[in-house]
Structures are given as structure tokens and as C-alpha cells.
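The values are calculated or read from the model by the stated rules, or taken from the named source; none is laboratory data. If you're wondering where the values come from, they're calculated on a predicted model, not measured in any experiment. All Cβ positions, glycine included, derive from the backbone under ideal geometry; neighbour counts span all protein chains shown.
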Amino acid sequence: MKRLHSLISLMFLVIFIAGMGNVVQAKNPDRKLTKQIKKKAAKQARKEAKRFKRKDWYVSPGALPMDKQIQKAWELQYMEDEDGYPLYIVATGNSVAETQSAAKLQAMELAKLELAGLVQTNVAALIENSVANSQLNNEEAASVTKTVAASKNIIAQEIGRVITMFEIYKKINKNVESSVRIGYNTDIAMETAKKTIRKKLEEETEILHDKLDKLLDF
């Protein structure tokens, strides 16, 4: 009996050790992937920073060096979710103004507008695929298309705090040009767009709630 208990205990020990081995193996690819992303991002950042510096772009005093900012940007751009889709939606904005702060502010607004446009395009494609399944009539489908097409500015207003991946500047005579690259979590962006579009559809159409649920079920 004691021998049987010993054998059972030994079996559980072997299974536990094997399980731990699988956990370690599962973690190692993530570490390798992170190293690959950092290596690839660093290489890309050096090339991009050289190109910017040759054209007299610079960073604000006290900010991270240009190559480090760009490396951070590329690391975020290379990140993917568990399904292999980009974790962040990325957009850029450029603007010229009399002061650096004014140029940056305008560039950020343009970047947010571009980001909203990218989100709108993605949502529009998904909604187009959902129209048939949501059993909308022709008039309702036309209303949806019109609302989605006009939603970019509203989505831009609803977008929360973005990640500033990098910001650089260049003198142009007496003015300053600002170039920014921003990122926003893809899932949050899509949910924000869906809520915004649903609210507009509820306000401007008579489409039933159950149809909207089917339409925005993605």
C-alpha cells in the first residue's frame, strides 16, 4: 500500500515538473519576441533618426533623444494582440506655426483627426459586413452608411488621452514645424467609435435597438 502511495506521489511530481517545463517554454518565446521587437525597433529608429537629422529636425531641450523616442514609437507599432492584430492604431500630424507650442498643438489635433479617420474606416468595413445580418431595410441601411461616413469628427472628439510616441521640430524661416506620431489602443478606439456611432443612430434614426445590437456586434 505504501509502495502504491509512493508511486502515485511520484507520478504527480513528474506531472508537476512537466507542467512547469511547459510554463517555462511558453514564457521563453515571449521573451524572444520582445527582444526581436526591441532589436528591430532600434534598427528602424536609427535609420529614421538619421534621416530626420539630415533634414534639420530636432527635439525639445530635456526631451528624450530622437532615436530613443522613435525606438519607443516602433516598439509600440510592432506590438500585437493575441490574434496577431496591431495593439495600437498609429497616426501622424504635421503643422507649422509661429511658436513651437502652437505648432505642436495643431499637429496633435491633425494626428487625432487622422487617427479618427482610420478608426472610422475600420468600423465602416465591419458595419458593411453586418448590414445583411442585422436585417435592415434599404432606408435604414442608407442612414447607417450616412451616419458612419459623417462620424470622423465626432470620433476625434471622443478619443481620450493618446500616447505621444515622438515629437520633433524644425525651423522654417521665422516659424516652427512640428511633427508628432501618436498611438491609441485599438480595442478602446473601436469601442469608442461603436458607442459614438450608436448614439448618433439612436438620435437620428428610428432603427430598433435589437437591430443596432446585431449591427454593432463585432
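Hey, E167 hits all of (1) crowded, with 18+ Cβ neighbours inside 10 Å; (2) acidic (D, E); (3) modelled with pLDDT under 90 but one; which does it fall short on? For E167, the failing item is (3). Here E167 qualifies as over 26 Å from K211 (Cβ atoms) and of a type in the set (D, E).
When you look at A103, is it in contact with a helix residue (DSSP H, G or I) (Cβ under 7 Å, 6 or more places away or on another chain), modelled with pLDDT of 95 or more and more than 27 Å from V148 (Cα to Cα), yes or no?
Details: in contact with a helix residue (DSSP H, G or I) (Cβ under 7 Å, 6 or more places away or on another chain): no; modelled with pLDDT of 95 or more: yes; more than 27 Å from V148 (Cα to Cα): yes.
The answer is no for A103.
Would you call A91 closer than 18 Å to V162 by Cβ, surrounded by 15 or more Cβ atoms within 10 Å (Cβ to Cβ), at pLDDT 90 or above and in contact with a strand residue (DSSP E or B) (Cβ under 9 Å, 6 or more places away or on another chain)? In short, yes. Against the condition polar (S, T, N, Q), in contact (Cβ under 8 Å) with a residue 40 or more places away in the chain and not in a helix (DSSP H, G or I), how does Q106 come out, does it pass? Answer is no for this residue.
Which of the residues that make up the range 76-100 are under 30 Å from Q120 (Cβ atoms) and out of contact with any Ser or Thr (no Cβ under 9 Å at 6 or more places or on another chain)? L76, Q77, Y78, M79, E80, E82, D83, G84, V90, A91, listed by residue number.
Annotation for the range 115-138: no member residue is touching an Asp or Glu at 6+ places or on another chain (Cβ under 8 Å), under 19 Å from N185 (Cα atoms) and either in contact (Cβ under 8 Å) with a residue 40 or more places away in the chain or in a helix (DSSP H, G or I) (or both).
Filtered by the rule that a residue be within 15 Å of K170 (Cα to Cα) and outside any helix (DSSP H, G or I), the range 46-62 gives K55, D56, W57, Y58, V59, S60, P61.
Among the residues making up the range 139-156, those that are out of contact with any helix residue (DSSP H, G or I) (no Cβ under 6 Å at 6 or more places or on another chain), free of Cβ contacts under 8 Å to residues at least 60 places away in the same chain and in a helix (DSSP H, G or I) are E139, A141, A142, T145, K146, A149, N153. Residue pairs whose Cβ atoms lie under 6 Å apart, sitting 6 or more positions apart in sequence or on different chains, and linking a residue in the range 79-101 that is closer than 21 Å to G117 by Cα to a partner that is among the aromatic types (F, W, Y) and surrounded by 17 or more Cβ atoms within 10 Å (Cβ to Cβ), are I89/Y184.
Checking A149, A141 one by one, the residue that is surrounded by 14 or more Cβ atoms within 10 Å (Cβ to Cβ), of a type outside the set (D, E, K, R), modelled with pLDDT under 95 and closer than 28 Å to K211 by Cα is A141 and no other.
Looking only at the range 44-78, residues that are of a type outside the set (V, I, T) and crowded, with 16+ Cβ neighbours inside 10 Å come to 17 in all.
I'd like the full set of residues that are in contact (Cβ under 8 Å) with a residue 40 or more places away in the chain, over 20 Å from L118 (Cα atoms) and acidic (D, E), limited to the range 160-205. Residues satisfying the conditions are E167, E177, E204.
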